[in-house]
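The values are calculated or read from the model by the stated rules, or taken from the named source; none is laboratory data. Note that the structure is predicted; figures quoted are calculated from it, not measured. Counting neighbours? That spans all protein chains shown, and the Cβs are built from the backbone with ideal geometry, glycine included. Quick note on the areas: whole protein, heavy atoms, side chains included, nothing else; ligands and nucleic acids left out. Shrake-Rupley method; radii C 1.70, N 1.55, O 1.52, S 1.80 Å.
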Amino acid sequence: MSRLAMLGGTPVRTKPFPSWPVFDRGEEEAVLEVLRSGEWWRYSYGQAVEPSAPGESLARSKVGEFQDAFAQRQGARYGVACSSGTAALEVSLKALGVGPGDEVIVPPYTFVATATAPLAVNAVPLFADIDCETFNLDPAALERAITPRTRAVIPVHFAGAAADMERILSIATRHGLFVIEDAAHGHGAAWQGKGLGSLGHVGTFSFQVSKNMTAGEGGLITTNHRDLAILCESYVWGGRKLGGAWYEHHRLGWNYRMTEFQGAILLQQLRRLDPQTTKRMENGLYLNRRLASLPGIQPLLVPAYATRHAFHIYVFRLEEAQFGVSRAVFLEALAMEGIPCTGGYAHPLYKNPMFLNQDFYPRGCPTSCNHYTGKIDYASFADLCPNAERACRKAVWLEHRLLLGGQDDMDDIVRAIEKIYHRREELSRMSNAR
């Protein structure tokens, strides 16, 4: 085994992995079509709001065409495009009637928007622990966290693997809770053959630049309920009513619209989704098989119900004592061998200063705005979420773009990790000498 690059040796890999985003003439021509048409916006300014409901969009609208096509791809009846995945979560909560004083249970190992969306509608986010094998919401922890104030749960399909939806939906039904699937990582993924985002009351997706489909930014809501889709559309569109007059606003809404440029790009991205998802899944499962035999390397479990895994992130746990190297040194050594990697979330969401200080509202907001949240000791969730704490100490993340390579690229990843393991004693001596 050759000398580690970190110690002056030659890296396992010097060529780049596939870049992201992926695009070709399809995106170029689609954007030019919109540019030259002068129709850069879904609606016609000053005219009545588009009379068709979500699922019945006008053929001229790229956004309408995309939201219908994506919803259908995920197995949902309706899609409502918006400006971001964060917006999709906020709009979904609002449309479901979640509001002041309601509790929304979320996992602590996720992007902050999953927990801040409830705050945006004056609801209260509470945290339930994750399963240590999948990093998805633990149904048992969810049930323990439910109180008489709980109104909704937001399971995150972390890294593109379906959460345990059978148990989550069963618990939600027994307690009368809304289920909002955060599928920001789940484009093209499925639970028991059913597309993510089609299982709960609503699903939410992100098209931010790091996601498996992207237009730089963008989001989308999926649902099987027509009235809910129409209400979400209204909230996205400034509170207007479908078929109503231009300056007629029926409820407090947002300007969370998607542009025709984004819709056009995402239609092109959608045509690549299936082959790219297949490639990522093949490579992710190949890495699981190859790495599982290495001491201290524990790939996340892919449950049988996760019938199609999007592998938005390839994740494994590094057990330092078994592997023989600290995670900090491992990450540095792996990067120097030519394998881009990170440790993921530095800490669970409840340890963010925003939650510890409860800095949720503008200064001078009356006590009535935040008297309920002020009673929550977010620091105490560290004792309730030991798996999330461990995940933040042990996880190693690889970007999904790496999984778009060939098997030789996956073999380079394995060789680099094996090299670090076989040279672990040298690394330990070096780190101790620092």
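Test of understanding: given the chain, find the longest segment containing no GluC sites (Glu not before Pro) that are in a DSSP loop and have at most 16 other Cβ atoms within 10 Å. The partial results should precede the final answer.
Values: sites that count: GLU39, GLU56, GLU133, GLU248, GLU319.
Result for the longest clean stretch: 320-434.
So what's the angle, to the nearest 10 degrees on a 0 to 90 scale, between helix 226-236 and the longest Cα principal axis of the chain?
80
What does the convex hull of the alpha-carbon atoms of segment 231-298 project to on average, in nm²? Walk me through the numbers before you get to the answer.
Numbers: hull surface 33.0 nm².
Average projection, Cα convex hull of segment 231-298: 8.3 nm².
Mind jotting down a quarter of the surface of the convex hull over the alpha carbons of the chain, in square nanometres, one decimal? All intermediate terms of the calculation are to be shown ahead of the outcome.
Details: hull surface 90.2 nm².
Here the figure is 22.5 nm², rounded to one decimal.
For HIS175, what is the net charge nearby, where nearby means another residue's Cβ is under 10 Å from its Cβ and Lys, Arg count +1, Asp, Glu -1?
On the way: positive: ARG151, ARG174; negative: GLU143.
That sum, taken over residues with Cβ under 10 Å, equals +1.
Net charge within 15 Å of VAL12 by Cβ-Cβ distance, Lys/Arg positive one each and Asp/Glu negative one each, not counting VAL12 itself?
Numbers: positive: ARG3, ARG13, LYS15, ARG290, ARG415, LYS419, ARG423; negative: GLU332, GLU337, ASP408, ASP409, ASP411, ASP412, GLU418.
It works out to a net charge of 0.
Could you give P(r) for segment 73-202, binned at 10 Å from zero, as whole percent values over all Cα-Cα pairs?
Result, from short to long distances: 14, 49, 34, 3 percent.
What area, in nm² and to one decimal, does the C-alpha convex hull of segment 257-380 cast on average over all directions? Before the final figure, lay out the partial values.
Details: hull surface 54.6 nm².
Directional mean of the projected Cα hull area for segment 257-380 stands at 13.6 nm².
How large, in percent, is the carbon and sulfur part of the accessible surface of segment 289-434 at a probe radius of 1.4 Å? Mind showing how you got there, number by number?
Numbers: 3420 of 6820 Å².
Heavy-atom surface of segment 289-434 belonging to carbon and sulfur, 1.4 Å probe: 50 percent.
Give me, ordered by chain and number, the residues 5 or more places off VAL202 or on other chains with an amide H under 5 Å from its own placed amide H.
Placed amide hydrogens put VAL179, GLU181 under 5 Å from VAL202.
Longest exposed-loop-site-free stretch of the chain, with chymotrypsin sites (Phe, Trp or Tyr not before Pro), DSSP loop and at most 10 other Cβ within 10 Å?
Excluding the exposed sites themselves, the longest stretch runs over 46-246.
Can you tell which of ARG251, ARG25, ARG280 shows the greatest fluctuation in a Gaussian network model of the chain with Cα springs below 10 Å?
In the Gaussian network model the winner is ARG25.
Give the long-range amide H neighbours of GLN208: residues separated by 5 or more places, or on another chain, with amide H under 5 Å away, using H modelled in the peptide plane at 1.01 Å from N.
Long-range HN contacts for GLN208: GLY85, GLY218.
Any idea how far apart ALA346 and ARG226 come out in nm if each label point goes 7 Å out from Cα toward Cβ?
About 5.0 nm separates the two model spin labels.
Tell me, what ³J(HN,Hα) does each residue in segment 186-192 have, in order and in whole Hz, if you take phi through Karplus 6.51 cos²θ - 1.76 cosθ + 1.60 with θ = phi - 60° and put x for Gly and Pro?
Taking θ as phi minus 60°, the curve returns x, 4, x, 8, 9, 10, 6 Hz for segment 186-192.
Shape verdict for segment 382-424, please, from the Cα gyration tensor: rounded (a/c under 1.5), prolate (a/b greater than b/c) or oblate. Don't skip to the end; give the middle numbers.
Working: a/c = 5.53, a/b = 1.77, b/c = 3.13.
Since a/c reaches 1.5 but b/c is at least a/b, the shape of segment 382-424 is classed as oblate.
Of LYS211/LYS375; LYS15/LYS394; LYS62/LYS94; LYS94/LYS394; LYS241/LYS375; LYS62/LYS211, which pairs sit farther than 31 Å apart, going by alpha carbon to alpha carbon?
Details: LYS211/LYS375 36 Å; LYS15/LYS394 28 Å; LYS62/LYS94 26 Å; LYS94/LYS394 36 Å; LYS241/LYS375 38 Å; LYS62/LYS211 20 Å.
The pairs that break the limit, which is 31 Å between Cα atoms, are LYS211/LYS375; LYS94/LYS394; LYS241/LYS375.
Could you grab the relative contact order for the chain? Cα pairs under 8 Å, six or more apart, rounded to a whole percent. Write down the numbers at each step before the final one.
Details: 895 pairs, mean separation 91.7, N = 434.
Normalised by residue count, the contact order of the chain is 21 percent.
Could you grab the relative contact order for segment 82-241? Cα pairs under 8 Å, six or more apart, rounded to a whole percent. Mind showing how you got there, number by number?
Values: 344 pairs, mean separation 37.7, N = 160.
RCO, segment 82-241: 24 percent.
Using all C-alpha to C-alpha distances in segment 186-270, build P(r) with 10 Å bins and read off the rounded percent in each one.
16, 39, 36, 9, 0
Which ³J(HN,Hα) values, rounded to whole Hz and listed in residue order, are derived for segment 408-421 from phi using the Karplus coefficients 6.51, -1.76 and 1.60 in 6.51 cos²θ - 1.76 cosθ + 1.60 with θ = phi - 60°, glycine and proline given as x?
5, 5, 5, 5, 5, 4, 4, 4, 5, 5, 4, 4, 5, 4
If each DSSP helix of 4+ residues adds -39,500 (n - 2.57) and the sum is divided by the residues in the chain, what number results at 222 nm, nearest 500 deg cm²/dmol? Write out the running numbers ahead of the final one.
Details: 16 runs with 166 residues, N = 434.
It lands at -11500 deg cm²/dmol.
Please calculate how many Å² of accessible area segment 175-251 carries per residue, with a 1.4 Å probe and no DNA, RNA or ligand atoms counted. Show your work: numbers first, answer last.
Working: 2430 Å² over 77 residues.
I get 32 Å² per residue for this part.
With a 10 Å cut-off between alpha carbons and a GNM built on the chain, which of PRO353, PRO108, PRO295 moves the most?
With Cα springs under 10 Å in the chain, the top fluctuation among PRO353, PRO108, PRO295 is at PRO353.
If you restrict to DSSP beta bridges whose two residues both lie in the chain, what percentage is antiparallel, to the nearest 5?
On the way: 24 of 37 bridges.
Approximately 65 percent, going by the DSSP bridge assignments.
Using every Cα-Cα pair within segment 79-134, state what percent have a distance larger than 14 Å.
53
Write out the trypsin sites (Lys or Arg not before Pro) in segment 95-170 meeting two conditions: DSSP loop, and at most 16 other Cβ atoms within 10 Å of their Cβ.
On the way: sites: ARG144, ARG149, ARG151, ARG167; in loops: ARG149.
Answer by residue number: ARG149.
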